[in-house]
Amino acid sequence: MSTVTYREAMRQALREALGRDERVFLMGEDVGRYGGCYAVSLGLLEEFGPERIRDTPLSESAFVGAGIGAALGGMRPIVEIMTVNFSLLALDQIVNNAATLLHMSGGQFNVPLVIRMTTGAGRQLAAQHSHSLEGWYTHIPGIRVLAPATVEDARGMLWPALCDPDPVIIFEHGVLYNFEDELPDDAGAVDISTAAVRHPGDDVTIIAYGGTLRTALEAAKQLVADGVGAEVIDLRCLRPLDTATVVSSVVRTHRAVVVDEGWRTGSLSAEVSARITEEAFYDLDAPVARVCSAEVPMPYAKHLEDEALPQVSDVVAAVHALGS
Amino acid sequence: MGDFRMPSLGADMDAGTVSEWLVKPGDEVHRGDIVAVVETEKSTIEVEIFESGVVDEILVEVGQHVPVGTVLARLIGTGPSAAHTAPGASVAVAHEAAPNVPSVIEEGPIRRPVPTVAATEAPAEAVGPVVPAMSETRSAPSPAPAGATGPGRVFSPVIRHLAERLGVELTSLDGSGPGGMVTRADVEKAAKRTTGPSARRVRSSPLARRLAAEHGIDLSAVPGTGPGGSVVEHDVQLVVSLATSEPAARPATGTESVTKVPVAEEPTAAVVEGRQAAMRKAIGALMARSKREIPHYYLSTTIDLSSASAWLERANLERPVSKRLVAPVLLLKATALAVARVPEMNGFMVNDESMPSEVVHVGVAVSLRTGGVIAPAIHNADKLSLDELMRALKNLVGRARKGVLRSSEMSDPTITVTNLGDLGVEAVFGVIYPPQVALVGFGRIAQRPWASDGMLGVRPCVTATLSADHRASDGHRGGLFLGEIDRLLQDPENLR
């Protein structure tokens, strides 16, 4: 058991994948000589050489397209897009090519591509660099969307993602990189299809993922002091959603609060809420509540950014408003 | 052949529990006999029958909770003459029928056997069974509404379909379309009117609804504590636990070793609390409806009671202690007599139409020790002597507090009097008990400086207030009414 950062866990995962399968390579902006914009791939160029740790031009559409081509050609590419904000430039490649080619080829060509990208706000990067667009990607059939929120998942999700015959997008929330936690020395692959209960409770279910998991856990801790047992579910796999885990919890607690850093309208939280209503309606004792980001372009000023993002106090208040 | 149905014992009653049958099949019953005891949220009430005949069959067993209008028993040998009597008493009947099926009232002649009204869920269907044979208007909605009010009135298929779905009687509608055609809007408006607030949806969580259904609990009787006053799981569980804690049944968790839990004879504190909560809720719903629907106006006047007090003192000297009169009896009697001068204070408001009553049944607000208030009637209070009125009042208050009232007392007051004088308040501005149109309040009788004939003296005075329905009367008439009460009290000989 050792204490590692989320960043280090991610790097271990990359190192393992590069070491295990020679078809695996990493490419993206500044991943090589600079060591990655968030220093995730620091040292990997020296370790694995420029053939496998490839710096790309500032052209998301081109290098994601190249990744799709490499995957079709039998490689196992890991494409790093610096942040979700820039992934919009590659959206056509992801949505129209990566996600559809298996279908368009009548099942002949699958695209075993992994795309990693940073997401989220909270670091004063203002309106153009603070998006949480996970919900957009979860709309697309043909891709799997993962959101590792713990050190263990940062360490364990990459390899199974590479083993998936179809495109997988991994969202790494920017505030998590410096987050430290204990990691077993033999930590390895985890499942990439189920949600996980991160904190047990019987009175209310708080559903979170990625950057909001810690918010939810902190809220649960405070709620214990108020005598409210909050069960915190980490969605982990955002597409396909593990509805069963969510529903089985809500059936017990009868109340649900979804915490989502995305904007409320059309968000992933809306989908989760809808599924709870569809599948656990007669077990609900209160409307499903949501705690989302304010529907504004993310402000730069620290106090305004804090105001716009879901905070622990917001979650606690939402839980109490449900009567628990 | 006649049906004896669960009566509506007040505008706030949707359902009741038969707690006792006083007759059995084969028994002969006469109009006015008390045949059953019904428990409502407010109290236990002896229910009279309004038809004579022989009990053929009892359809609802003791302990069953059924909606208003449910047939409780069938009678045989009841002729139509027995069924449609007493035109003089018809208004009182109107009151019972009114809260749930206002449309029935428009029929004019109303048969005496009141409690035929069906539950609020299906107000329109209720029209069917209630309409007496003599009614020349309503016929069942049929594709060709022959005999409708305007001969040869035609309704489009869409309208007929809509009316049927919403349970609206088309022939009763005034069309607002071209040539008096009934439009969709007319039907929808009528549907809204007939469903009214009593059919309001209870805000409750899906889980609470499911649990209530599983345990056969009426959600409208469960006080909600959830967000926005909604009924949530906890509220239903509370009622379930109250219900199950009453009779011995406690879930057997162990095996054979389970011993019987001793049953308390008295209702437990929890049960009483539950009843109180239900009553609070019932009162709340009715008063909210009153304030929402009735445009109240308020008047107040201070009345010099010196001659009334002096008269009372003299009158009581001649009476044994047990038969002495109290001042509130004079106030009650004065109120009952004053309606003769201003009849629109006495009666009901039905479908926005004032229906004065020919009889005067004065509802007396009685506060219950367990909390809550109930306003049963003293029948024909204007015709009773003061001694009779005193006896009736004592009797009524006693029975109300014990929770044993008769159905007619509960359901047919035509005007209500509330007296909070014993609490020391100076004036009470009451909330009208729908569908009544007026409520008279009396405060404390106190010694006050009083100018009269250019002289200042100290006189016993009382402040009388009137809360009245502005749809039924105006302030001018209200003023006359209070003035009449004042006038009557100045010469107590008037009250004898």
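Quick notes on this one:
- The charge dipole of the range A:39-79, taken about the Cα centre with unit charges on the Cβ atoms of Lys, Arg (+1) and Asp, Glu (-1), comes to about 160 debye, rounded to the nearest 20.
- Counting only aspartates and glutamates at least 8 places from B:K291 when in the same chain, those with an alpha carbon closer than 17 Å to its own are B:D12, B:D352, B:D469.
- The dipole here belongs to chain A: it is taken about the Cα centre, uses +1 on the Cβ of Lys and Arg and -1 on the Cβ of Asp and Glu, and is about 480 debye.
- Phi angles across the range A:202-207 convert, under the Karplus curve 6.51 cos²θ - 1.76 cosθ + 1.60 with θ = phi - 60°, into 3J(HN,Hα) values of 10, 9, 7, 9, 9, 10 Hz, Gly and Pro given as x.
- Rule-of-thumb Rg ratio for chain A [Cα; 2.2 N^0.38 Å; N residues]: 0.98
- Amide H contacts of B:V360 (H built 1.01 Å from N, in plane; Pro and chain starts excluded): B:N380, B:A381, B:D382 sit under 5 Å, all sequence-distant by 5 or more or on other chains.
- Within straight-line reach of B:K323, meaning a Cα separation under 18 Å, sit the following lysines at least 8 residues removed in sequence or on another chain: B:K333, B:K394.
- Charge dipole magnitude, Cβ of K and R +1, D and E -1 - the range B:295-495, Cα centre, debye nearest 20: 880 debye
- When shorter helices are ignored and each DSSP H run of at least 4 residues is given -39500 (n - 2.57), the per-residue value for chain A at 222 nm works out to -9500 deg cm²/dmol.
- Cα convex hull of the range B:295-495 - mean projected area over all directions, nm²: 11.5 nm²
- Residues whose placed amide H lies under 5 Å from that of A:A256, excluding near-sequence neighbours: A:T205, A:A289
- Gaussian network model of chain A, Cα within-10 Å springs - most flexible of A:Q128, A:Q12, A:Q93: A:Q128
- Whether the range B:272-357 is rounded, prolate or oblate, judged on the alpha carbon gyration tensor where a/c under 1.5 counts as rounded: oblate
- Length gained when the stretch A:H303-A:V95 is fully extended (0.36 nm per residue, less Cα-Cα span): 71.3 nm
- Helix A:6-20 and the long axis of chain A differ in direction by around 40°, with both axes built from C-alpha atoms.
- Between B:L325 and any residue 5 or more places off or on another chain, the built amide H atoms are never under 5 Å apart.
- Under the Karplus curve 6.51 cos²θ - 1.76 cosθ + 1.60, θ = phi - 60°, whole-Hz ³J(HN,Hα) for the range A:120-130, x wherever Gly or Pro sits: x, 10, x, 10, 6, 9, 6, 5, 9, 10, 10
- Among A:T3, A:P240, A:G122 the positive-end extreme of the charge dipole of chain A (Cβ point charges): A:P240
- For B:K24, the lysines whose Cα comes closer than 30 Å to its Cα, not counting residues fewer than 8 places off in the same chain, are B:K42, B:K402.
- Rounded to 10°, Cα long-axis angle of helix A:268-280 versus longest principal axis of chain A: 50 degrees
- For the range A:2-183, the alpha-carbon coordinates run over 47, 37, 29 Å along the three principal axes, in decreasing order.
- Per residue, the convex hull around the alpha carbon atoms of the range A:196-321 comes to 97 Å³.
FYI, it's all coordinate maths here, none of it is from the lab. As the structure is a prediction and not an experimental result, all values here were calculated from the model. Note that each Cβ is placed from the backbone with ideal geometry, even for glycine, and that neighbours are counted across all protein chains shown.
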